[in-house]
Amino acid sequence: MTSERGTEELTTTAEGPVLTVTFNRPEQHNAMTWAMYEGLHAACERADADPGIRVLVLRGAGERAFVAGTDIGQFAEFAGGFDGVEYERRFERVIERLADVSVPTLAAVRGVCVGGGLAIAAACDLRIATPDSRFGVPIARTLGNCLSMNTYNLLVFHLGPARTLDLLLNARLYSGEEAHAAGFVAELAAAGDLDSALDAAVQRLLGHAPITMWATKRAVHRLRRAALPDGDDLVSAAFGSEDFQEAVRAFGEKRRPEWRGR
């Protein structure tokens with residue numbers, strides 16, 4: 001039995017014990033709107049409320065992207081650092097809800113997985129990707145903002161401090177092969193084999209002990225959150241900077257931002 005909910009931008013489909021969320025803005029590389037973030041949160045609630053759901057899958061529509069971060073147009077009305085702090089708190093609410101889903105969560109990545117998309121993938125338990133996928137947070141050359149402490153924590157937890165600094169300071173994009181070598185991606189699949197690899201992974205999870213997987217997820221997340229400091233001062237300074245405002249304008253004008261360090 002199959003049931004579907006959502007909007008044109010995000011669909012949630014239940015097929016037997018598998019709930020699949022599809023980010024559906026392929027022409028915008030599946031960049032996230034707030035409605036899509038709320039749709040993802042609702043899907044997590046649905047996964048936990050329905051005892052028949054045993055796996056949650058996240059994927060992007062089209063061939064070019066999993067999720068290309070938050071739609072930058074949503075930053076145009078930001079007036080200061082407090083808007084950045086509020087944005088990151090709303091974002092963290094969704095990311096942590098995804099991390100707290102009781103059943104195994106799996107991100108199927110084809111194409112770009114950057115910015116908020118990388119955080120969404122990192123909040124999942126497992127990631128399958130194609131070799132030509134791209135992972136990163138290139139804000140040092142695009143927006144001039146920063147991440148929440150929670151997102152930094154996710155990246156350091158998965159990649160370690162050295163790779164996180166490499167990814168962010170150099171504004172690098174890791175290929176699927178590099179992400180796999182770093183341990184972030186659990187399995188690589190050729191572009192034409194992603195669906196079959198995803199199906200095999202889902203079937204494997206469905207055959208395992210639910211309580212064991214639930215306890216393992218809880219233990220790992222408790223370890224990650226054990227020492228998580230506050231970072232609102234960093235977010236406020238970055239989002240309240242002239243550089244961030246200039247970068248948002250530059251994006252709309254399709255030009256490179258001019259950094260001033262203030």
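Given (1) in a loop (DSSP other than H, G, I, E, B); (2) under 25 Å from Val202 (Cα atoms), identify the lone condition not met by Phe66.
Here Phe66 clears every test but (1).
Going through the range 238-256 one residue at a time, which ones are among the small types (Gly, Ala, Ser) and over 23 Å from the mean Cα position of the chain (by Cα)? First the steps, then the outcome.
Step one: list which residues in the range 238-256 are among the small types (Gly, Ala, Ser), which gives 238, 240-241, 247, 250, 252.
Once the filter is applied, which keeps residues that are among the small types (Gly, Ala, Ser) and over 23 Å from the mean Cα position of the chain (by Cα), the range 238-256 yields Gly240, Ser241, Ala250, Gly252.
Can you give me the number of residues within the range 178-194 that are among the aliphatic types (A, V, I, L, M) and not in a helix (DSSP H, G or I)? Walk me through how you get there before you give the answer.
Taking the range 178-194 first, the residues among the aliphatic types (A, V, I, L, M) are 179, 181-182, 185-186, 188-191, 194.
From what's left, not in a helix (DSSP H, G or I): 182, 185-186, 188-190.
Residues meeting the conditions: 6.
Consider Arg64 carefully, then state whether it is closer than 14 Å to Val109 by Cβ and surrounded by 14 or more Cβ atoms within 10 Å (Cβ to Cβ).
Working: closer than 14 Å to Val109 by Cβ: yes; surrounded by 14 or more Cβ atoms within 10 Å (Cβ to Cβ): yes.
So Arg64 passes the test.
Scan the range 202-225 for residues that are hydroxyl-bearing (Ser, Thr, Tyr) and farther than 19 Å from Glu96 by Cβ and jot them down. Lay out the reasoning, then the answer.
At the first step, the residues of the range 202-225 found to be hydroxyl-bearing (Ser, Thr, Tyr) are 212, 216.
Residue satisfying the conditions is Thr212 alone.
Within the range 118-129, track down each residue that is β-branched (Val, Ile, Thr) and either surrounded by fewer than 24 Cβ atoms within 10 Å (Cβ to Cβ) or assigned to a strand (DSSP E or B) (or both). Give the derivation first.
Filtering the range 118-129 for residues β-branched (Val, Ile, Thr) gives 120, 128.
If the condition is that a residue be β-branched (Val, Ile, Thr) and either surrounded by fewer than 24 Cβ atoms within 10 Å (Cβ to Cβ) or assigned to a strand (DSSP E or B) (or both), then Ile128 is the only one that fits.
Residues are listed down the side, and each one gets a yes or a no for (1) among the basic types (Lys, Arg); (2) free of Cβ contacts under 8 Å to residues at least 60 places away in the same chain; (3) in contact with a strand residue (DSSP E or B) (Cβ under 9 Å, 6 or more places away or on another chain):
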site: Arg110; (1), (2), (3): yes, no, yes
site: Leu154; (1), (2), (3): no, no, no
site: Ala190; (1), (2), (3): no, no, no
site: Leu194; (1), (2), (3): no, no, yes
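Would you please name the residue that is nearest to the chain's Cα centre (by Cα), looking only at residues in the range 69-84 that are assigned to a helix (DSSP H, G or I) and surrounded by fewer than 19 Cβ atoms within 10 Å (Cβ to Cβ)?
Ile72
Just to be sure, is Thr12 more than 16 Å from the chain's Cα centre (by Cα) and of a type in the set (Ser, Thr, Tyr)?
Yes: the conditions hold for Thr12.
Mind checking which strands (runs of 3 or more DSSP E) fall wholly inside the range 1-60 and carry at least 3 residues that are in contact (Cβ under 8 Å) with a residue 24 or more places away in the chain?
Output list reads 10-15, 18-23, 55-60.
Which of the following residues is surrounded by 12 or more Cβ atoms within 10 Å (Cβ to Cβ) and without any contact (Cβ under 8 Å) to a residue 12 or more places away in the chain: Ala226, Ala237, Ala200, Ala179?
Working: Ala226 fails: surrounded by 12 or more Cβ atoms within 10 Å (Cβ to Cβ); Ala237 fails: without any contact (Cβ under 8 Å) to a residue 12 or more places away in the chain; Ala179 fails: without any contact (Cβ under 8 Å) to a residue 12 or more places away in the chain.
Ala200 is the lone residue from the list that is surrounded by 12 or more Cβ atoms within 10 Å (Cβ to Cβ) and without any contact (Cβ under 8 Å) to a residue 12 or more places away in the chain.
Just to verify a result, which residue in the range 89-117, among those that are among the small types (Gly, Ala, Ser) and part of a helix (DSSP H, G or I), is surrounded by the fewest Cβ atoms within 10 Å (Cβ to Cβ)?
Just the residues of the range 89-117 that are among the small types (Gly, Ala, Ser), to begin with: 99, 102, 107-108, 111, 115-117.
Filter again for part of a helix (DSSP H, G or I), leaving 99, 116-117.
Working: Ala99: 20, Gly116: 23, Gly117: 29.
Filtering first and then ranking leaves Ala99.
Would it be correct to say that Val103 is more than 13 Å from the chain's Cα centre (by Cα) and closer than 17 Å to Val202 by Cα?
Working: more than 13 Å from the chain's Cα centre (by Cα): yes; closer than 17 Å to Val202 by Cα: yes.
Yes; evaluated as a whole, the condition is true for this residue.
Scan the range 41-48 and tell me whether some residue there is touching a Lys or Arg at 6+ places or on another chain (Cβ under 7 Å) and crowded, with 18+ Cβ neighbours inside 10 Å.
yes
Readers should treat all values here as calculations from the given coordinates under stated rules, not as data from a laboratory. Predicted model, so just to flag it, every value in this text is computed and none were measured. Ideal geometry is used to build each Cβ from the backbone, glycine not excepted, and the neighbour counts take in all protein chains shown.
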